[in-house]
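Below: the structure, in structure tokens.
Please treat every number below as a calculation from the coordinates, not as lab data. Just so it is clear, the model here is predicted, and its values are computed rather than measured. Positions of Cβ are generated from backbone atoms using ideal geometry, with glycine treated the same way; all protein chains shown enter the neighbour counts.
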Amino acid sequence: MLGDMRTLVLGGSVFLSRAVAREALRRGHEVVCAARGVTGSVPDGARLVTLDRNDPAAYRPLAGESFDAVVDVASISYPWVAEAIAALRERAGHWTFVSTINVYRDTATIGLRADAALAQPRQEAGVKEAPTDPDLYGGVKVAGEDAVRAAFGDRGFVVRPGLITGPGDRSDRFGYWPGRLSRGGRVLVPDTEQLTQYIDVRDLAAWIVDAGERGLSGDYDAIGPATPLATLLPAIAGALGADVELVSVPEQVLTEAGVDYWAGPRSLPLWVPAELAGFCAHDPAASLAAGLRPRPLADAVAGALEQEIALGLDRARKAGLTSSEEAEILARLG
């Protein structure tokens, strides 16, 4: 019975891993979350096993326990992945490894599928701090994928998210737009037909739990359908019922005004240069056929806006333009 499943989440206190634990609990699983327990709390009903994955004896607290499904969201370390597999392989039924869309060698081609060429695996010992180099990040994830495939074969599910949004998202990369559009007025947007795609964290979590229940295996991109940015932004405004004037500005004019792509200070999230156009436009057909169910845009926007309001619409952001930066650029354009 699915309600009798024992699910181990390596993490469980922050964003995606917490959403996975919550979804598994909702379905009646017995859920164990293995984490340091310092960056957040696990959902009510889950059992927290405190451990530090930098500790060579990290998995001693789980000695003697077995699990029907294990979910590993390790984002920063190949050794973490390899050590978890070594410690738990014989006591795990199904294994999900959350990888990333950054694993692909080609970032420009539109419509890549999960069988596209990958970056070179990177197994450097001690890569246990968050890599700032996207090539290193992708390579570390490729090495983790290889380890999971070698250990679990048809019991392994490798899922490669692109941009994840929704409750718990602190990246500002999707949430900037519902937050900004909800305030109304003249809104600076890039004049581009560039495609973009995202996945709501709740939908990704549901698919990961489904995979453990069904024994789904293989490599998949975790992304929704690609949509032109010039279509998505008006649709977000419409979902919010926002009274806005979208001021479309040519990309060259934006770069000349010192506006950056994607993330960071003085940026416009979701906008990427041509050499990264494929990064935001993979083919989701295989994932949709395998059970990924993206929610309607209005639901995703509502979840993102709720998160934005909780964090504070006027906060210092990791991505996006401040109100004064946007006003200055709009005034300069006339």
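Quick rundown of the values:
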| read-out | value |
| --- | --- |
| Relative contact order (%) - criterion: Cα under 8 Å, at least six apart; region: the chain | 18 percent |
| Cut-off of 10 Å, at most 10 other beta carbons, DSSP loop: longest stretch of the chain lacking such GluC sites (Glu not before Pro) | 194-334 |
| Where labels lie 7 Å past Cα in the beta-carbon direction, separation of ARG91 and ALA108 in nm | 4.9 nm |
| Potential extension, ARG26-ALA257 segment - 0.36 nm per residue separation minus Cα distance | 78.3 nm |
| Helix 78-88 vs. the chain, principal-axis angle (Cα, 0 to 90°, nearest 10) | 30 degrees |
| Gaussian network model of the chain, springs between alpha carbon atoms under 10 Å - residue of ALA82, ALA310, ALA300 with greatest fluctuation | ALA310 |
| Cα-only Debye scattering, region 52-161: base-10 log of I(q)/I(0) at q = 0.17, 0.22 Å⁻¹ | -0.79, -1.22 |
| Computed over region 2-161: relative contact order in percent, which uses C-alpha pairs under 8 Å that are six or more apart | 21 percent |
| MRE, 222 nm, helices only [DSSP H, n ≥ 4, -39500 (n - 2.57), over the chain, to nearest 500] | -10000 deg cm²/dmol |
| Relative contact order (%) - criterion: Cα under 8 Å, at least six apart; region: region 103-212 | 21 percent |
